[in-house]
1. Counting only residues that are modelled with pLDDT of 90 or more and surrounded by fewer than 17 Cβ atoms within 10 Å (Cβ to Cβ), give me the strands (runs of 3 or more DSSP E) lying completely in the stretch 173-266 with at least 1 of them.
2. Being under 24 Å from residue 62 (Cβ atoms), more than 25 Å from the chain's Cα centre (by Cα) and either part of a strand (DSSP E or B) or in the same structural domain as residue 56 (by TED's automatic domain parsing) (or both), is that true of even one residue in the stretch 365-378?
3. Only one of (1) under 23 Å from the mean Cα position of the chain (by Cα); (2) surrounded by fewer than 16 Cβ atoms within 10 Å (Cβ to Cβ); (3) in a strand (DSSP E or B) fails for residue 412. Which number is that?
4. Which residue pairs have Cβ atoms under 8 Å apart, sit 6 or more places apart or on different chains, and have a first residue in the stretch 65-90 that is on the phi > 0 side of the Ramachandran plot and a second that is crowded, with 19+ Cβ neighbours inside 10 Å and part of a loop (DSSP other than H, G, I, E, B)?
5. Scan the stretch 84-96 and tell me whether some residue there is under 29 Å from residue 424 (Cβ atoms), surrounded by 15 or more Cβ atoms within 10 Å (Cβ to Cβ), in contact with a strand residue (DSSP E or B) (Cβ under 8 Å, 6 or more places away or on another chain) and at pLDDT 95 or above.
6. Considering (1) out of contact with any strand residue (DSSP E or B) (no Cβ under 6 Å at 6 or more places or on another chain); (2) at pLDDT 90 or above, say which one residue 391 fails and leave the rest.
7. Of all residues in the stretch 283-337 being modelled with pLDDT under 80 and within 23 Å of residue 65 (Cα to Cα), which is surrounded by the most Cβ atoms within 10 Å (Cβ to Cβ)?
């Protein structure tokens, strides 16, 4: 049964599927050999992979297509509150570059039927900046402005099939949705840096307009709040272009990822991986100046299907793709990175799985560090190590009766000795 998250979040901490960039990966201790030997005692010899091909890995996931439309020519209105007009002008300028960029937008988006878009201008909300903006208030806010019933504010244009409203939330405003908190990290609520959704354009209408909530999270990307905002906005606009109606007419999203709370859209699958571009743009009274923009990288089904290419595009140049995959069992067909655990009558289980470093070129040794959000009652050992492409590293998963059934992400952060950093995410499902 297909299940989609109602809103697509840019989640913190950053979770990424099988992609790379040049950032520094989270640290971790090297593999504790005595612990590994103890855990591997008694392993079934048939489960060991001897002489594994250095390029061997499980298939990378694919975003599934559910029949919704994608945006061939998205029209983006930038929305700010009074006092942030200058920010609105800068972001409108960024959006104009972003949705028309050959090097970023089209490189990553054209395989999904997405074409160049257009920045439509800035809409200003003249009310005081809210202390808190909950998602339940966004739909009524949009409908009131489309209807022209907000005193002191200009009526917003009636949306067409290409319209997207992109809110730039004030830095002093706290964003919330379904109990989750914006600009915070961790926690079961799925805290976030931004999200996109849709709402009816009028009460009782059957027409929906997409919107994006973009936050200015300190330390999120680049070195400034503006860098964080362009990164988040690029993420949400790209996801809107490929899945603009996630509730009513979903388009591209990974079903397996969304079922385990991982988002699953083209930005979600490359969370935390970014590029920066220098854009020469004409500005009033300043002539042509160079602006540096931080943007997300985006998941490519085509690159993922090839298997030897970095699926997060545009990828770093002149760096072979490498990673450390998770595999439940080399004997299982079809091969899958997702681990299904069936507990016994006492609600316990102990299963074996493996990490599989791989590379499509000489990257030297690969250091990996495991992060999990499996909650109480689940233990994975080991949680870090260093290996080479073609090695097989066994790990154990111990489930006690305190564990709660459900799907949980497990994330590997990897770094090669010759530079470059990747992330691989799979999941554990406890039944």
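The values are calculated or read from the model by the stated rules, or taken from the named source; none is laboratory data. Predicted model, so just to flag it, every value in this text is computed and none were measured. No Cβ is skipped: glycine too gets one built from the backbone with ideal geometry, and neighbour counts run over all protein chains shown.
1. Per the criteria, 174-177, 192-200.
2. no
3. So the condition that residue 412 fails would be (2).
4. Between residues of the stretch 65-90 that are on the phi > 0 side of the Ramachandran plot and residues that are crowded, with 19+ Cβ neighbours inside 10 Å and part of a loop (DSSP other than H, G, I, E, B), the close pairs are 67/250; 67/251; 83/170.
5. Looking for residues that are under 29 Å from residue 424 (Cβ atoms), surrounded by 15 or more Cβ atoms within 10 Å (Cβ to Cβ), in contact with a strand residue (DSSP E or B) (Cβ under 8 Å, 6 or more places away or on another chain) and at pLDDT 95 or above, one finds none in the stretch 84-96, hence no.
6. Failing condition for residue 391: (1).
7. Our first condition is that a residue be modelled with pLDDT under 80; within the stretch 283-337, this holds for 283-287, 316-318, 329-337.
Then keep just the ones that are within 23 Å of residue 65 (Cα to Cα); that gives 334-337.
Details: 334: 6, 335: 15, 336: 18, 337: 23.
If we take residues in the stretch 283-337 being modelled with pLDDT under 80 and within 23 Å of residue 65 (Cα to Cα), then 337 is surrounded by the most Cβ atoms within 10 Å (Cβ to Cβ).
Here's the yes/no breakdown for (1) outside the structural domain of residue 87 (by TED's automatic domain parsing); (2) touching a strand residue (DSSP E or B) at 6+ places or on another chain (Cβ under 7 Å); (3) under 19 Å from residue 184 (Cα atoms):
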position	(1), (2), (3)
234	no, yes, no
263	yes, yes, yes
275	yes, yes, no
281	yes, yes, no
